[in-house]
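The values are calculated or read from the model by the stated rules, or taken from the named source; none is laboratory data. Treat the numbers as computed from the prediction; the structure is a model and nothing was measured. Cβ coordinates were reconstructed from backbone atoms using ideal geometry, including for glycine residues, and neighbour counts include every protein chain displayed.
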Amino acid sequence: MGKKKIFKYPDDLRAAQRALVVVRAERSAFFAVLPRWADLADGVGEGLSDEQRAESGRLEEAERVAALAVYAHPFWAGLPAEARTRLQHLDDESAAEASAA
């Protein structure tokens, strides 16, 4: 099996990826506690309180901004798709390397 390419990600891109992971986890946790009948798929949020609708909107916008910071980063210009995929697993690889040491 061949060696994996190593990409040197800029610190701001690494931070943006971590922020995206955090906000996606927050959004997932938020959805997990909502009543099953709460319909957010169409953006209506029927059956939710004003606070829940506001939090849903805040988390959706935070995820959009975080994703844009990752996907639109200038680092990606001219790099293969593999570089993006590897960034998604950057913390997994760092943890594996630390436990192997």
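Summary table
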item	result
Residues of segment 67-93 satisfying the condition of being loosely packed, with under 11 Cβ neighbours inside 10 Å and among the acidic types (Asp, Glu)	ASP92
Residue check, GLY43 at pLDDT below 95 and over 28 Å from ALA72 (Cα atoms)	no
When residues of segment 52-81 are limited to those that are of a type in the set (Gly, Ala, Ser) and either at pLDDT 95 or above or assigned to a loop (DSSP other than H, G, I, E, B) (or both), the one farthest from the chain's Cα centre (by Cα)	GLY78
